[in-house]
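Structure first, then comments.
Read-outs: derived from the displayed coordinates by stated rules, not from any lab. All values derive from a computational prediction rather than experimental measurement. Don't worry about glycine lacking a Cβ; one is built from the backbone with ideal geometry, like all the others, and counts go over all protein chains shown.
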DNA sequence: AACCATTTGTCGGCTATATTACAGTTACTG
DNA sequence: CAGTAACTGTAATATAGCCGACAAATGGTT
């Protein structure tokens, strides 16, 4: 991987646009780069130094494993998203891994400590980053508020709506989403059982609201969602 | 309110400890200061410039009102906490107010824009602030994770435990908490109905786990919680 | 083609919790 | 001290959605 290519990989993220070549090179010296295939599991080894990751291509899910071995989906990361220790505080006890959902992914990473140095030298970037973290917080708050106050059906609707808006391809009022999730994944995201999710999806299919297959989901009329 | 007193009000918050007198004076020039009594309602008027608040004394709750007029508790703010537009992004549509829970409160505030200027001039403070926001995010994530995966009883236990640790006065293994919340408040915080909360509290009382009154809550044995 | 793992579909029974409804208790206010 | 508003207590009913169990479909692999 050539230095200048790495440069562009970081540069085209809005957070890094204001940086000069020199500034990014500081990060790049230690920038990691990784490709992976569908189904692969990427561990954030806690022995390693804490890092911040940038997903350049594809989709992954972050899965947390609790004491009893239950797996819960913490986050779905899409192209262009930053993930990892965004709070700039390493937390050791969390037991998480990432699983590749799309056919292949490309991931950049850099050390948290280097990123901190960069922020110290770039106050305006530090401010942007603070706002970025704040925005993330607001989103999380919102989605949790949904989880708590709405029923499973509404949650699924909302989820599909968000997904369609973020990644769907729209023509007229129908939206086609590339479906890289299983019904079980979706159930976990909207915090319900797999069975309930299945039932709701089928219900929507018989209603004509969506056409569901393992490859793609078609929302026939976005306005009705 | 004398300038130097305002200075100390800000200065003794850990976030502002690194600032010089001069730096804080910048904020102080426009620092607001306010006292209020129990039951008073403080509106964050959206017409006003966005502010960041610091609760110097007492307790307040932040209540959000949705379209249908339902009220939900968004946050309980305690002495020393920052609140308001922590994300540094004004958001206009949110309809929130603060209600004073303790006998009286003292609140400092300063303009978000002034705070931003300060962060731009103090990169290391910007970094601390980012970590602070991050910590807040982590807490929120945690409490929501509890809300979703645990049942009402566990949630109440957890809530009491947290409360006792934060504000309780401990002697041996018994903890006394100054109870400025109604059972309805608690129910809202742990996201359950008032009736369920009442039942659970009574159950705990007959079990001997707690002694409940409107003035204080005594946890007889902290180890059993 | 045969096999196996994963994903999806379906069905009752079960339980925690919301909801409705009302009664009793506290504590402030004139 | 009476009156009222805000809390707290209790019980009966209704239900969303979890769970276990199993069958069917799909898709990849040898």
inquiry  = At R0 = 35 Å, how high is the FRET efficiency between residue B:49 and residue B:216 if r is their beta carbon distance? Nearest 0.05 is fine.
reply    = 0.35
query = For the protein assembly as shown, what is the mean residue ellipticity at 222 nm derived from helices alone (per DSSP H run of n ≥ 4: -39500 (n - 2.57); sum divided by total residues; nearest 500 deg cm²/dmol)?
reply = -13000 deg cm²/dmol
request  = In Å³ and rounded to a whole number, note down the convex hull volume per residue for the Cα atoms of the protein assembly as shown.
outcome  = 182
Exam field: residue A:182 pseudo-label spacings to other copies (7 Å along Cα-Cβ), nanometres = 4.8
remark   = Within 10 Å of the Cβ of an average residue in B:131-140, the count of other chain Cβ atoms is 5
query = Given springs between every Cα pair under 10 Å in a Gaussian network model of chain A, which of A:43, A:97, A:180 has the largest fluctuation?
reply = A:43
task = State the dimensionless ratio Rg/Rh of segment B:3-147 (Rg: radius of gyration of Cα atoms; Rh: Kirkwood radius).
result = 0.96
ask   = What is the distance in Å between the Cα centres of segment A:157-199 and segment B:168-225?
value = 41
key: Cα-based helix-to-principal-axis angle, A:123-149 vs chain A, degrees rounded to 10   = 20
query = In nanometres, what is the gap between the two model label sites at residue B:151 and residue B:72, each 7 Å from Cα along Cα-to-Cβ?
reply = 2.3
key: Inter-copy spacing of residue A:97 label points, which lie 7 Å from Cα along Cα→Cβ, given in nm from shortest upward   = 5.2
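Averaged across the residues of A:77-89, what count of C-beta atoms belonging to other chains lies within 10 Å of each residue's C-beta?
2
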task = Distances from residue A:142 to the same position in the other copies: list them in nm, one decimal, shortest first, using label points 7 Å from Cα along Cα→Cβ.
result = 2.6
query = Quick one: what do you get for segment B:145-213 if you divide its Cα Rg by 2.2 N^0.38 Å?
reply = 1.07
task = Calculate how steeply helix A:194-207 sits against the longest principal axis of the alpha-carbon atoms of chain A, using the helix alpha-carbon long axis, and give the answer as 0 to 90 degrees to the nearest 10.
result = 60
query = Once the Cα atoms of helix A:112-121 and of chain A are each reduced to a long axis, what angle between those two axes, in degrees from 0 to 90 to the nearest 10, is obtained?
reply = 70
message = Please report the spacing between the Cα centers of segment A:55-83 and segment B:64-102 in Å, no decimals.
response = 30
inquiry  = Just want to confirm a number: the relative contact order over segment A:3-147, from Cα pairs under 8 angstrom separated by 6+ residues, in percent.
reply    = 31
